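Each remark here refers to the structure printed beneath this line.
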Amino acid sequence: MKYKNITLISFFSIISLLLTIYIIGVDNISFLNSSWLAAHDVSTDLISWKFFKDDIWRFPIGSNPNYGMDIGSGIAFSGSVPIMAIIFKLFSGLLPFKFHYFGFWIFICFSLQGYIAYLIIYNLTKNQLFAIVGSLFFILSPTIINRLSFHLSLCAHWLILMGFYLEIKKNVINKNLKWAILISISSLIHFYFTVILSIIFITFIIFKKSSYINL
């Protein structure tokens with residue numbers, strides 16, 4: 001089972017890397033090339049990250065006042081994927097001036113989108129080939145690809161898939177705790193996902209209670 005998971009993760013990583021290169025270009029896969037981030041809202045995400053990276057640590061963590069008075073109150077309001085910004089800021093003293101993580105973030109989103117979709121489909125069908133083929137449709141979702149040009153933080157649709165996976169998988173240990181962790185992580189990516197996951201979680205609870213009442 002362990003080797004099977006490693007093989008699957010490797011498969012989705014390769015597919016996701018190839019797709020990332022295809023979408024943003026082989027020259028733009030570098031952590032130092034930001035020329036492809038010069039349009040739409042992604043340019044402001046890059047600038048916000050630059051200010052945040054080169055600033056001192058502030059409280060609350062994520063504060064980014066140098067970016068501007070109106071939208072500089074926090075990295076979370078700029079769409080710069082706060083969880084990634086905070087992690088890489090830890091190494092800001094070692095990172096080159098032009099460093100950014102947005103290409104890596106796209107790769108992560110594609111990889112998790114495919115792998116979690118596979119887990120959902122396989123859990124329902126028990127057919128590995130069907131699950132692999134089906135997961136490719138999730139990776140190639142037009143909605144995700146469309147978001148790449150505007151809001152990179154909104155590409156994390158795998159958060160929603162993980163919520164559904166927690167519900168359809170039987171005998172999940174500490175399910176409510178895992179839901180709490182998932183919703184907390186979503187708040188470090190984009191608050192839209194936090195709202196969506198909270199609604200999904202509450203809806204599942206309501207339906208479960210309704211089922212018990214009907215029984």
Size of charge dipole - the chain - debye, nearest 20, with Cβ of Lys, Arg +1 and Asp, Glu -1, no other charges: 900 debye
Measure of compaction for segment 9-141 (Cα Rg per 2.2 N^0.38 Å): 1.24
Intensity falloff of segment 87-190 expressed as log10 I(q)/I(0), Debye formula with alpha-carbon point scatterers, at q = 0.13, 0.23 Å⁻¹: -0.57, -1.23
Trypsin sites (Lys or Arg not before Pro) restricted to segment 79-164 and DSSP loop, no more than 10 other C-beta within 10 Å: Lys126
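Readers should treat all values here as calculations from the given coordinates under stated rules, not as data from a laboratory. Keep in mind that this is a model prediction, so the values were computed, not measured. Cβ coordinates were reconstructed from backbone atoms using ideal geometry, including for glycine residues, and neighbour counts include every protein chain displayed.
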